[in-house]
Each structure stands twice: as structure tokens, then as C-alpha cells.
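What follows is a single structure, written as C-alpha cells, with notes after it.
The values are calculated or read from the model by the stated rules, or taken from the named source; none is laboratory data. Note that the structure is predicted; figures quoted are calculated from it, not measured. Positions of Cβ are generated from backbone atoms using ideal geometry, with glycine treated the same way; all protein chains shown enter the neighbour counts. Accessible surface areas use protein heavy atoms only, side chains included; no ligands, DNA or RNA. Shrake-Rupley method; radii C 1.70, N 1.55, O 1.52, S 1.80 Å.
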Amino acid sequence: MNIWQPVIEALESLNANKVRSGLTILGIVIGVAAVIAMLALGTGAQDTILGSLSGIGTNLIFVFRGGEDDSIRNPEPLTMGDAEALSDIFSAPSIEAVAPILQGNAEISYGGEATTLTLSGVTPEFFPVRNYVVGEGSEIDEEHILARASVVILGVDTADTLFGRHEGVVGETVRIEGQPFRVIGILEKRGGGMMGSEDEAALVPISTAQARLLRRNPADKVDVIFVQAADADLVSDAKEEISEILRREHRTAVGEDDFSLMSQDDMVDTASSITGILTIFIGGIAAISLLVGGIGIMNIMLVSVTERTREIGLRKALGARKRDILTQFLVESSLLSLVGGLIGILLGWGIGVIVGIVATKSGTPFEPVVGLNAVLLATLFSAAVGLFFGIYPANRAANLVPVEALRYE
Amino acid sequence: MDTPVIIARDLTKVYKMGEMEVHALRGVSLEIRRGEVVAIMGASGSGKSTLMNTLGCLDLPTSGEYILDGEVVADLDDDQLADIRNRKVGFVFQSFNLLPRSTALSNVELPLRYSHTKSGRKEKARLALESVGLGDRINHRPTELSGGQQQRVAIARALVNNPSIVMADEPTGNLDSKVGQEIMDLLLNLNKESGTTLIIITHDSKIAAQTERVIRLHDGRVLEEVA
């Protein structure tokens, strides 16, 4: 038998009850749309997170003060001394560069304009380690560190806030916490990062920050140490070496590390596991909404079978076998659900694109991704839902007794 | 002489309505020759419809023997019955029973689809419609046709698979007498031309008078046969 015949017939009969068919598939439409939109946004968010993670630098290890859990009391702070010890090529051969950093809020002003931002005290290693590139002017060098020079490098947005432009401002003098600092460079635009825009930055020599802007106790304390491993394969070796050196420096017992390490890979893993949980969550919502949609289809198919009892009786009188009737109703219910699924895919796609546009307009560049696998899965799944929930009504139709069905009013 | 197309011996049919047993047929025996035009008459409750359902293979008798065109109809399952209906029986109903959303052509095509006829379905359906005088209406839907025209479509549908018998259940019941007579003329004409056996269930004696033989049923039994 021609495969298209039942399909055409089913379309005709669904078309005859447009409003009812439309309302019936609404459940499937909403379910599939929600899944597609969430998956698109989730995948897009994951891509953005991974992108910004890899933008931080290459083969990075973050060293923080404090142990993995709260049981370590009085953790010793990380210091410039720790950073120097980590830079020792002989005890730490896997480490390429070490960049300690001191961070704190500070007010920065020029003329009448003022802004408060996170000020970073950095060393010359900071620039290669974190992929920061100075577009105009020069980087902070050893001499600035030794001299505790009053120089600052600004991010693009900071320069725009203060000067209304970010070109030709090198050589100007700004005030940080009231003290004059000479602008020696402007960073290249970086865009959004994990913790807000990285273009809103002000970098000063770490020695200057320690002495005059962000005083800490002890004086050579730093907040985070960025360590760059020499190679992607050496990240775990580098972590071993960092642990050994810091245990020695801090004189801590084994198992009582008062510092913690996190590599970029660890961050990617964390991000992925969050996305994974999100995916399971979305899957749950999808399953429930498809279940509800499927029950709606079953319900309306049962109504349809009752309504068309005479038609079924007639078809049987003309020689339709059980299988013919079964096929007819199964095709109808799967088609109903499949159309719902396809509309849902388009709708979900649209929602994803709109959210992406809104997010980009409001400053977070973000591209929703609708994967082929998501589309295929949604299509197959919605068809399967229709098939499954059509079995009961179709069976009922197929098992009608022709004599009684023909007599039905 | 030809073997009769219908041989029924001692057919009984018992329905169970709750606790009660209803004897719709109490031993009906009859033979109908090939090409014969027969009317079955009887008051309502006489077992007329049950007999039609049994002879049309819509239902199996409780006991008795029924041979339709050489095939023994007994202990068949639903699908085998469907097959026999498809190949050997054409039905014409009082209320036409056309699919409202399908064209005349696809309505007539329906039995061919269930008999898995692959080639020339459209052509056969068109010829059947032409034979009932509706060659110019093949793409009309039932709602666009008059009652008489709808019944013609139903007759074309009954004939399209070249059945051994055509069972017409009050074929003129929903039509006014003029159109009803036209339908009767058409049925009788088709019988004359192609020799199709015609069984008409009716309570209209004017219709019955036009047949070759009337079988009267009363209380589940054949009362008399009028030649």
C-alpha cells in the first residue's frame, strides 16, 4: 500500500478540525520550544564561559590563600616571597611564569570625572600570563616595580569614562585615591569576561600598590598568584611543584595545605558539570511537558475515535483490516505530535535568537546555539510521543465491531 | 445449473443482552442464485438486519452453515471476514455512508485501497462512477452532491471491486419516491447488464414488487417466499 495515502488522509482529517488540532498540539509545542530554547541558551552560555575561560590565559593555575575546606585554621597569607619561591627554575621546572596580584577597590579621577573600580597591583609577568596586551604606550616593567613608580595602565572603558576617549591619553595624569599617577599605556579591548568587563581596569606596579594604595599586613601579602605552566601536559606537574614549594614555605603538615590550586581545566570541569546538571534539569521539564502533551493527544484521539465510529464501521464493512484502521489512527496521532514538535523547534529557536539579541544589546555578547542533535532529538521524540499515546485510541478504533460501529449514531 | 451464490442452512443468531438471550435468527435456510434480484422484507425486530449482517459477512452466525460464492464462512477471524467483505460483498446503505471530506473518486477508490489493488485504482473508480452516470462529478465532495447523487456514488463504491453480491439496506429510504425510483432503476439495470446478484432489504412493498423474489421474515424465521 502506498505509504503516503494514510499520511494525506490523516492531514485531511486533522485539517478538518483545525482549532482542535492546534489546541491539542499546544502542549507538545510548548514542551519542545522550552527544551530547544533552553538547550540553545545553555549551549551558548557554555560556549561563552569556555571562551572566556580560555581567554584568561594559557595553561594557568590559580593559587589562592586558604585550604580546600574550612578546617584549616589561620592560613598563612600568600606573599611576594611565595611568588619568588615559585619562580625558582630549579625547584619548579614545569613553571613558565609567576604573576602575583594584589586587588582592591579604589577611586580614580581625572578633572571632574571619577569612578570606583577594582585596582590591580601587578608585576611585568602579569601581561604575558593573562594575555593582556597594551595597545598604546608601554607595559609595566621591572624599573617601575623597583622604583614604586606612580604609573598606571588603563582599560579601554576606564579611559572612556575618565577622558571620554581612549586614544592619545598616554602621558596624562590621573588621581588614584587622591595621588597623582601618570598614564603610561592603554590596554587593547578585551570584551566581557567571567567577572564583568575586563575593559574596566587600572593596573599599577604591585610595589606601588603595596606601599601606597592597598596596604596589607604583612606588607608583602598578595591576593592571588597566577602560575603559567610551561606546557599543557605539564599543568599537573606544575601543580605538584607549587604544592611542594608552598608547603615548605608555609611549613604546613601534609594534608593541611593552607592554600588551594585551581587550574583552567578545573574551571572548565566545574562549568561543564554545572551545564550537565542544567541539562538533566531541562530534560526533566521536557519529559513532563511531553508527557502532558502526549496525554492531551491521547485524549483528543479518543474523542476522535468516538466521533468517527460510523466511519470506522464503514471502512471495516468495505474490507479494512484491523491493521488498516490501526495505521490510520497511529499516523494521525504521530503526525499531530510531529507537527507540534516542528512548530516547537521553530518557536524555541526564535526565543533563543531573541534572547541572544537582547543579551548582546545589553553588553554580554552571547550566541545561542541550536544543535542538529537537539533538533533531531526533538523531532524523533515528539513523533514517538504521538505514536505511544496513539496506541490506546488506535487499538480501540481497530477493535470496534463493524455491526455495532455502523449502527452507532 | 450454476451453484447458488448464497447457500444458508439453519442459521441461528443469539445475542446476549445482559441476562437475557435474544434469538434474532431461529433457523433460517435460503438459497440465492447468481444474478438473482431478491428482496428481504419484515417488520422491525423480525431479524432482517441480523440476516443482512450475516449474509454480508459483517457478523458470524451462532450456528448453521453459510457458503458465499463457494467460500465457507464460519470460524473466520476478523481480518479474514474483512477480506471476504472486500472481495465478495458490496454494501449500499440507507444513509449513504460516504466519507464527507473525500471526493467521489476517492470514496469509490476506498475498497480498492483495502484490497491492496496497486495499479489503475483511479481508472477503475472513474469507470465505476461513469457506470452510475456520475462521470462528470468525480471530484465533487458528498456535500456538493444531491442525495440521489450520493447514493449513486455509494453504488459505484459497492460495485468497484466486482463483488459476488450487492447488499442494499433500504437504499431508497432517505430519498423521495422519484429519486428512489431512479436509484432502483439503476440497481436493476446494473443487475441486468453485469449480472450482479442483488439483495435489497426493505419494508417498502413497492420496492419489493420490482424484485424477482421476496423473502419475508417474521420472528427470526422465513415466513414465506413469494416468487
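Tell me the strands (runs of 3 or more DSSP E) entirely within segment A:78-193 that contain at least 3 residues that are assigned by TED's automatic domain parsing to the domain that holds residue A:206 and farther than 28 Å from residue A:62 by Cβ.
Values: elements: A:95-110, A:113-122, A:134-137, A:151-154, A:173-176, A:179-187.
Once the strands (runs of 3 or more DSSP E) in segment A:78-193 are filtered for at least 3 residues that are assigned by TED's automatic domain parsing to the domain that holds residue A:206 and farther than 28 Å from residue A:62 by Cβ, what remains is A:173-176, A:179-187.
In segment B:128-164, how many are farther than 28 Å from residue B:70 by Cα and either within 14 Å of chain A (Cβ to nearest Cβ) or among the aliphatic types (A, V, I, L, M) (or both)?
Within segment B:128-164, residues that are farther than 28 Å from residue B:70 by Cα and either within 14 Å of chain A (Cβ to nearest Cβ) or among the aliphatic types (A, V, I, L, M) (or both) number 10.
Name, by its number, the condition in (1) surrounded by fewer than 18 Cβ atoms within 10 Å (Cβ to Cβ); (2) under 27 Å from residue A:317 (Cβ atoms) that does not hold for residue A:394.
In the conditions (1) surrounded by fewer than 18 Cβ atoms within 10 Å (Cβ to Cβ); (2) under 27 Å from residue A:317 (Cβ atoms), residue A:394 misses (1) alone.
Of the conditions (1) assigned to a loop (DSSP other than H, G, I, E, B); (2) in contact with a helix residue (DSSP H, G or I) (Cβ under 9 Å, 6 or more places away or on another chain), residue B:2 satisfies every one except a single condition; which number is it?
(2)
Exactly one of these conditions fails for residue A:323: (1) closer than 30 Å to residue B:169 by Cα; (2) open to solvent by 30 Å² or more (accessible area, probe 1.4 Å); (3) not in a helix (DSSP H, G or I). Give me its number.
For residue A:323, the exception is condition (3).
Check A:383, A:398 and return the single one that is within 14 Å of another protein chain (Cβ to nearest Cβ) and within 26 Å of residue A:290 (Cα to Cα).
A:398
Please find, among A:188, A:200, the residue that is out of contact with any Asp or Glu (no Cβ under 6 Å at 6 or more places or on another chain) and either open to solvent by 50 Å² or more (accessible area, probe 1.4 Å) or aromatic (Phe, Trp, Tyr) (or both).
From the options A:188, A:200, the qualifying one is A:188.
Listed here are the residues, each with its yes/no results for (1) touching a Gly at 6+ places or on another chain (Cβ under 9 Å); (2) surrounded by 15 or more Cβ atoms within 10 Å (Cβ to Cβ).
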position	(1), (2)
A:84	no, no
A:93	no, no
A:98	no, yes
A:116	no, no
A:121	yes, yes
A:127	no, yes
A:134	yes, yes
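Counting just the residues of segment A:343-400 that are in a loop (DSSP other than H, G, I, E, B) and among the polar types (S, T, N, Q), which one comes out modelled with the lowest pLDDT? Break it down into steps so the answer makes sense when it comes.
First, pick out the residues of segment A:343-400 that are in a loop (DSSP other than H, G, I, E, B): A:362-371, A:399-400.
Applying the additional criterion that residues be among the polar types (S, T, N, Q) yields A:362, A:364, A:399.
Numbers: A:362: 78, A:364: 71, A:399: 93.
This residue is A:364.
Do you know which of the residues in segment A:38-64 that are open to solvent by less than 10 Å² (accessible area, probe 1.4 Å), of a type in the set (A, V, I, L, M, F, W, C) and assigned to a helix (DSSP H, G or I) is modelled with the lowest pLDDT?
Looking at the filtered set, the residue picked out is A:53.
Can you name the residue in segment B:98-114 that is within 18 Å of residue B:137 (Cβ to Cβ) and at the interface with chain A (Cβ under 8 Å from one of its Cβ atoms) and, of all such residues, is surrounded by the most Cβ atoms within 10 Å (Cβ to Cβ)? Full working, then the answer.
We begin by selecting, within segment B:98-114, every residue within 18 Å of residue B:137 (Cβ to Cβ); these are B:98-110.
Next, from what is left, pick out any that are at the interface with chain A (Cβ under 8 Å from one of its Cβ atoms): B:99, B:101-102, B:110.
Details: B:99: 19, B:101: 16, B:102: 17, B:110: 22.
Step by step, filter segment B:98-114, then rank; the result is B:110.
Within segment A:247-254, identify whether any single residue is assigned to a helix (DSSP H, G or I) and more than 20 Å from residue A:88 (Cα to Cα), and answer yes or no.
Scanning segment A:247-254, I find no residue that is assigned to a helix (DSSP H, G or I) and more than 20 Å from residue A:88 (Cα to Cα), so the answer is no.
Select from segment A:253-274 the residues that are modelled with pLDDT under 80 and not acidic (Asp, Glu) and list them in ascending order.
Here is the first cut: in segment A:253-274, the residues modelled with pLDDT under 80 are A:253-256.
If the condition is that a residue be modelled with pLDDT under 80 and not acidic (Asp, Glu), then A:253, A:254, A:255 are the ones that fit.
Rundown of residues vs (1) among the charged types (D, E, K, R); (2) more than 26 Å from residue B:123 (Cβ to Cβ); (3) modelled with pLDDT under 95; (4) crowded, with 19+ Cβ neighbours inside 10 Å, yes/no style:
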{"site": "B:143", "(1), (2), (3), (4)": "no, no, yes, no"}
{"site": "B:177", "(1), (2), (3), (4)": "no, yes, yes, no"}
{"site": "B:187", "(1), (2), (3), (4)": "no, no, yes, yes"}
{"site": "B:202", "(1), (2), (3), (4)": "no, yes, yes, yes"}
{"site": "B:205", "(1), (2), (3), (4)": "no, yes, yes, no"}
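List every residue pair whose Cβ atoms sit under 9 Å apart, with the two residues 6 or more apart in sequence or on different chains, where the first one lies in segment A:294-319 and is away from every other protein chain (no Cβ under 14 Å) and the second, anywhere, is not in a helix (DSSP H, G or I) and not β-branched (Val, Ile, Thr).
Sorted first by the residue in segment A:294-319, then by its partner, the pairs are A:300/A:17; A:305/A:400; A:306/A:408.
Can you name the residue in segment A:320-338 that is touching a residue at least 40 places away in the same chain (Cβ under 8 Å) and of a type in the set (A, V, I, L, M, F, W, C) and is also nearest to the other protein chains (Cβ to nearest Cβ) among such residues?
A:325
Yes or no: residue A:16 within 14 Å of chain B (Cβ to nearest Cβ) and small (Gly, Ala, Ser)?
The answer is yes for residue A:16.
Search segment A:300-310 for residues being open to solvent by 30 Å² or more (accessible area, probe 1.4 Å) and not basic (Lys, Arg), and hand back the single one that is nearest to residue A:35 (Cα to Cα).
Ranking the candidates gives A:300 first.
Is at least one residue of segment A:373-382 touching a Pro at 6+ places or on another chain (Cβ under 9 Å) and under 19 Å from residue A:43 (Cα atoms)?
No.
Which ones in segment B:45-82 are open to solvent by 50 Å² or more (accessible area, probe 1.4 Å), within 13 Å of another protein chain (Cβ to nearest Cβ) and not charged (D, E, K, R)?
Correct list: B:49, B:80.
Taking segment A:244-259 on its own, how many of its residues are under 18 Å from residue A:79 (Cα atoms) and open to solvent by 20 Å² or more (accessible area, probe 1.4 Å)?
Taking segment A:244-259 first, the residues under 18 Å from residue A:79 (Cα atoms) are A:244-252, A:257-259.
With open to solvent by 20 Å² or more (accessible area, probe 1.4 Å) added as a condition, the list becomes A:244, A:247-249, A:251-252, A:257.
Looking only at that region, the number is 7.
Does residue B:19 count as at pLDDT below 90, over 21 Å from residue A:325 (Cα atoms), touching a helix residue (DSSP H, G or I) at 6+ places or on another chain (Cβ under 9 Å) and surrounded by fewer than 20 Cβ atoms within 10 Å (Cβ to Cβ)?
no
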